[in-house]
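Heads up, the thing below is written out as structure tokens.
Nothing in this text is a laboratory measurement; each read-out follows from the coordinates by a stated rule. For clarity, every value in this text was computed on a predicted model and none was experimentally measured.
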Amino acid sequence: MLIGSAPTSPIGAVAPKRTRGASKFKQCDVTRAVKAVAKAGAEITRVEIAPDGSIIISTSSMVGKPTDDLDRELAEFEKRKFGARQ
């Protein structure tokens, strides 16, 4: 081996096996998904990463709550008019 050169492997050497497979998701993917759900106004209660790399975000019942005065007034009107049928 020459000084300053990269070490070489013998011809036919087998590379060590990975103990885990390659990651199917990245931290930025999770961050992006969580920020999008939070921006939509949902309260995040749980984030799961499935073995296939899919990101599952669970939210509380805060989704669909009125966000402004008009929505709040409409919800109150519908509650008075229709009762608990909704």
Self-check item: Relative contact order %, the stretch 27-85, counting alpha carbon pairs below 8 Å whose residues are six or more apart
Solution: 23
Practice problem: For THR59, enumerate residues with amide H under 5 Å from its amide H, sequence gap 5+ or separate chain, H modeled in the peptide plane. | Solution: THR45
Exercise. Let me know the volume per residue of the alpha-carbon convex hull for the stretch 27-85, in Å³.
Key: 88
Quiz item: Using the Karplus equation 6.51 cos²θ - 1.76 cosθ + 1.60 (θ = phi - 60°), what ³J(HN,Hα) coupling, rounded to whole Hz, does each residue of the stretch 76-83 give in order, writing x for Gly and Pro?
Solution: 5, 4, 5, 5, 5, 6, 9, x
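Can you tell me how much longer the chain between LYS17 and ASP68 gets when fully stretched, taken as 0.36 nm per residue apart minus their C-alpha distance, in nm with one decimal?
Numbers: separation 51, 0.36 × 51 = 18.36 nm, distance 5.60 nm.
This chain segment gains 12.8 nm when fully extended.
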